[in-house]
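Participant: Got a structure for you, questions after.
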Amino acid sequence: MNAVESREFREVCKRAGLAVTHQRQVLFEVLKNMHGHPSPEEVYARIKRRIPSISLATVYKNIHLFLESGIFREVSLHHGSLRVETNSKPHHHLVCTACKAIFDIDANELGLAEKTGTLPGGFLAQRYAVDVLGLCAACQQKTV
């Protein structure tokens with residue numbers, strides 16, 4: 001981790017009220033550099049190369065701390081397993097119902113515009129997260 005990334009990590013932890021530890025710093029760096037929507041097991045496999053003594057439980061615990069403090073977001077609560085959102089730009093998801101792959105898609109590509117303010121029933125939207133369920137190109141090829 002370079003000096004800029006290290007400073008960013010320390011600032012993020014300070015804002016979130018988290019202690020700065022070596023394990024958290026490596027986890028943060030790994031998550032920032034992973035593309036897609038990694039599971040804790042995928043993150044663990046990468047971190048284990050750098051910190052052989054780390055446990056999967058420690059990775060889960062710190063991912064949950066990052067999610068609770070808003071450093072990262074969970075992709076969706078209903079995909080069947082925890083997936084970490086590493087893309088901080090506003091977007092939605094294409095979810096393959098066969099292989100469970102998750103792909104990002106810009107809201108403009110779906111023709112969706114976010115409504116601001118209070119929604120019907122007094123519901124106050126904090127974030128829009130649309131999941132489009134279907135079959136990815138690879139799974140479509142398997143069914144042909």
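Participant: Dipole magnitude of segment 10-144 about its Cα centre, charges +1 at Lys/Arg Cβ and -1 at Asp/Glu Cβ only, in debye to the nearest 20?
Facilitator: 540
Participant: Sticking with this one: Quick check: residue separation of residue 126 and residue 16 times 0.36 nm, minus the Cα distance between them. What number comes out in nm?
Facilitator: 37.7 nm
Participant: Okay, moving on. What is the projected area of the convex hull of the Cα atoms of segment 89-143, averaged over all directions, in nm²?
Facilitator: Hull-based average projected area comes out at 4.9 nm².
Participant: Ignoring the sites themselves, what is the longest stretch of the chain with no trypsin sites (Lys or Arg not before Pro) in a DSSP loop and at most 15 other beta-carbon atoms within 10 Å?
Facilitator: 1-99
Participant: Dipole of segment 89-143, Cα-centred, from +1 at each Lys and Arg C-beta and -1 at each Asp and Glu C-beta, to the nearest 20 debye?
Facilitator: Roughly 140 debye, rounded to the nearest 20.
Participant: Counting Lys and Arg as +1 and Asp and Glu as -1, what is the net charge of the other residues whose Cβ lies under 14 Å from the Cβ of residue 82?
Facilitator: So the surrounding residues net to -1.
Participant: Round to a whole angstrom and tell me the spacing of the C-alpha centers of segment 41-64 and segment 67-128.
Facilitator: 25
Participant: Considering Cα pairs under 8 angstrom that are at least six residues apart, work out the relative contact order of segment 89-143 and quote it in whole percent.
Facilitator: Contact order relative to length: 44 percent.
Participant: For the chain, what is Rg from Cα atoms divided by 2.2 N^0.38 Å, rounded to two decimals?
Facilitator: The chain yields a ratio of 1.20.
Participant: What translational diffusion coefficient, in µm²/s and rounded to a whole number, does the Stokes-Einstein relation yield for segment 3-74 at 37 °C and a viscosity of 0.692 mPa s, taking the hydrodynamic radius as the Kirkwood radius over Cα pairs?
Facilitator: It comes out at roughly 267 µm²/s.
Participant: Running a GNM on the chain with Cα contacts under 10 Å, which residue among 16, 125, 98 ends up with the highest mean-square fluctuation?
Facilitator: Result: 125 has the largest fluctuation of those listed.
Participant: Moving to a separate point now. Local charge sum around residue 130 (other residues, Cβ-Cβ under 14 Å, Lys/Arg +1, Asp/Glu -1)?
Facilitator: -4
Participant: Using a simple charge model, +1 on the beta-carbon of Lys and Arg, -1 on the beta-carbon of Asp and Glu, nothing else, what dipole does segment 3-74 show about its Cα centre, in debye to the nearest 20?
Facilitator: So the dipole magnitude of segment 3-74 works out to roughly 200 debye.
Participant: Would you calculate a helix-derived [θ] at 222 nm for the chain, using -39,500 (n - 2.57) for each DSSP H run of n ≥ 4 and dividing by the full residue count, to the nearest 500?
Facilitator: -12500 deg cm²/dmol
Participant: Against the longest principal axis of the chain, how steep is helix 56-68, in degrees 0 to 90 to the nearest 10, with axes from Cα atoms?
Facilitator: Its long axis makes an angle of about 60 degrees.
Values quoted throughout were computed directly from the atomic coordinates according to the rules given, and no laboratory measurement underlies them. The structure presented is a predicted model; accordingly, all values stated were derived computationally and were not measured. Every residue, glycine as well, gets a Cβ built from its backbone with ideal geometry; the counts of neighbours run over all protein chains shown.
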